[in-house]
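Take a look at the structure set out below.
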Amino acid sequence: MGMGSILLVLAILSNHVIATDIAENSIELAKLRAKALNINSIQFLIGDAEAIHFPDNSFDVVTIVGSISY
């Protein structure tokens with residue numbers, strides 16, 4: 001998620017966004033940025049993007065930003 005710039009745009013355009021990052025400090029920074037912009041439609045989760053536990057078909061769109069594939 002990094003600083004959450006794309007997240008904030010998606011949250012403005014959507015009813016509900018779930019944001020996940022493995023780094024707690026990135027989550028906290030994104031929360032502060034969302035609060036400053038009065039965006040309340042984001043659910044923040046700390047976790048590994050390779051081990052997210054949601055049922056199939058839970059999302060309309062999934063984005064990954066700043067990920068390194070190996």
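The values are calculated or read from the model by the stated rules, or taken from the named source; none is laboratory data. The shown structure was predicted, so the numbers you read here are calculated from the model rather than taken from an experiment. Using ideal geometry, Cβ is built from the backbone for each residue, glycine included, and neighbour counts are taken over all protein chains shown. These accessible areas exclude ligands, DNA and RNA; they are computed on the full protein's heavy atoms, side chains included. Shrake-Rupley method; radii C 1.70, N 1.55, O 1.52, S 1.80 Å.
Here are the numbers:
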| quantity | calculated |
| --- | --- |
| Residues within segment 45-58 that are within 13 Å of the chain's Cα centre (by Cα) and either open to solvent by 90 Å² or more (accessible area, probe 1.4 Å) or modelled with pLDDT of 95 or more (or both), tallied | 1 |
| Subset of segment 22-44 [among the small types (Gly, Ala, Ser) and within 10 Å of residue 4 (Cβ to Cβ)] | 26, 30, 34 |
| So residue 39, is it assigned to a loop (DSSP other than H, G, I, E, B) and loosely packed, with under 12 Cβ neighbours inside 10 Å | no |
| First in segment 50-70 and under 12 Å from residue 19 (Cα atoms) and free of Cβ contacts under 8 Å to residues at least 40 places away in the same chain, second anywhere and in a loop (DSSP other than H, G, I, E, B) and of a type in the set (Ser, Thr, Tyr), Cβ under 8 Å, 6 or more apart | none |
| Any hit, segment 16-26, residues being in a loop (DSSP other than H, G, I, E, B) and among the β-branched types (Val, Ile, Thr) | yes |
| From the options 19, 34, residue that is surrounded by 11 or more Cβ atoms within 10 Å (Cβ to Cβ), of a type outside the set (D, E, K, R) and more than 19 Å from residue 62 (Cα to Cα) | 34 |
| Qualifying residue in segment 17-27 (condition: touching a strand residue (DSSP E or B) at 6+ places or on another chain (Cβ under 9 Å) and without any contact (Cβ under 8 Å) to a residue 24 or more places away in the chain) | yes |
